[in-house]
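Take a look at the structure below.
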Amino acid sequence: MVHLHEITKENLNAVLELKTKKEQETYVSTVAHSLAQAWVYRDTAYPFAVYDDDVLIGFVMMGFYESKQQYTLWKLLIDERYQHRGYGRQTVELAKQYLIDTFNIMEIYLGVYEDNETAIRLYQSAGFTATGETDGKQIEMKWNFPK
């Protein structure tokens, strides 16, 4: 069963060893970089290890983008050893549920590189749609709670 788990001193080193495939490195921050951001934005960043039962498979971080007043799916990394098994989609759903349950929100945003077709398809499969907004080479996507 896939679930989110707090990052602790017991699992930190294993979480830091997670990595993407070489060709994905331009799209995804390292876990170390993401955790540094989580520390700086510790009041509005929500990082988690992702496990399938007791096997560490990835990392996800949600956040609150204060200047836009938006909750975001900020970072997503499924370790290269566990890709193409449906874990990305399950992790997106867990992240959405965490934000809904914790903050009682109705919409979630994310940014994705415009040429990252795999990620765009993943997010579309989870109900995210492009808003038409861009930030450099990233497009903004939004998910709305079903009415």
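With charges only on Cβ, +1 for K and R and -1 for D and E, what is the dipole size of the chain about its Cα centre, in debye, rounded to 20? Display every interim value, and only then the final one.
Values: 15 positive and 21 negative charges, 28 e Å.
Using only the charged Cβ atoms, the result is roughly 140 debye.
Projected onto the charge dipole of the chain (+1 at Lys/Arg Cβ, -1 at Asp/Glu Cβ, origin at the Cα centre), which of T8, V92, Q37 gives the Cα projection farthest towards the positive end?
V92
Quick one: which of K75/K137; K21/K142; K19/K68; K21/K137 span more than 28 angstrom between C-alpha atoms?
K19/K68
Loop only by DSSP, 12 or fewer other Cβ within 10 Å of the Cβ. Give me the GluC sites (Glu not before Pro) in segment 1-63 that pass, ordered by residue number. Before the final figure, lay out the partial values.
Values: sites: E6, E10, E17, E23, E25; in loops: E6, E10, E17, E25.
Listed in order of number, the matching sites are E6, E10, E17, E25.
Just from its helices, what would the mean residue ellipticity at 222 nm be for the chain, if runs of 4 or more DSSP H residues each count -39500 (n - 2.57) and the sum is divided by every residue, rounded to the nearest 500 deg cm²/dmol?
Details: 4 runs with 41 residues, N = 147.
It lands at -8500 deg cm²/dmol.
Can you tell which of V28, W143, Y65 lies farthest toward the positive end of the dipole of segment 4-147, using +1 and -1 charges on the Cβ of basic and acidic side chains (Lys, Arg; Asp, Glu)?
Comparing the listed Cα positions along the dipole, W143 ranks first.
How far apart, in nm, are the 7 Å Cα→Cβ label points at K22 and T134?
About 3.0 nm, to one decimal.
Be a star and scan segment 106-136 for residues whose amide nitrogen sits under 14 Å from the point 7 Å along the Cα-to-Cβ vector of N144.
106-109, 127-132
Need the C-alpha centroid separation for segment 1-43 versus segment 44-96, integer Å.
9 Å
Separation between the E10 and V55 pseudo-spin-labels, each 7 Å from Cα along Cα→Cβ, expressed in nm?
Once both label points are built, they end up 2.0 nm from each other.
Using +1 on the beta carbon of Lys and Arg, -1 on that of Asp and Glu, and nothing else charged, what's the dipole of segment 73-147 about the Cα centre, debye to 20? Write down the numbers at each step before the final one.
Details: 9 positive and 11 negative charges, 57 e Å.
My answer is approximately 280 debye.
May I ask you to rank H33, H3 by accessible area, largest first, using a 1.4 Å probe over the protein chains only? Please report the intermediate quantities before stating the final value.
Details: H33 95, H3 60 Å².
Most to least solvent-accessible, the answer reads H33, H3.
Report the FRET efficiency, 1/(1 + (r/R0)^6), for H3 and I105, where r is their Cβ-Cβ distance and R0 is 22 Å, rounded to 0.05. Intermediate results must be reported in sequence, preceding the final value.
Working: r = 21 Å, r/R0 = 0.94.
Efficiency computed from Cβ-Cβ geometry: 0.60.
State to the nearest 20 debye the size of the charge dipole of segment 36-83 about its Cα centre, where the only charges are +1 on K and R beta carbons and -1 on D and E beta carbons. Show your work: numbers first, answer last.
On the way: 4 positive and 7 negative charges, 60 e Å.
Dipole of segment 36-83, to the nearest 20 debye: 280 debye.
Any chance you could run the full-extension gain for Y41 through Y65? It's 0.36 nm times the residue separation minus the Cα-Cα distance, nm to one decimal. Let's see the in-between values first.
Details: separation 24, 0.36 × 24 = 8.64 nm, distance 0.98 nm.
Result: 7.7 nm gained on full extension.
The values are calculated or read from the model by the stated rules, or taken from the named source; none is laboratory data. Values in this document were obtained by computation on a predicted structure and should not be read as measured data. Every residue, glycine among them, receives a Cβ derived from its backbone with ideal geometry; neighbour counts consider all protein chains shown. Surface areas here come from the heavy atoms of the whole protein model, side chains and all, with no ligands, DNA or RNA. Shrake-Rupley method; radii C 1.70, N 1.55, O 1.52, S 1.80 Å.
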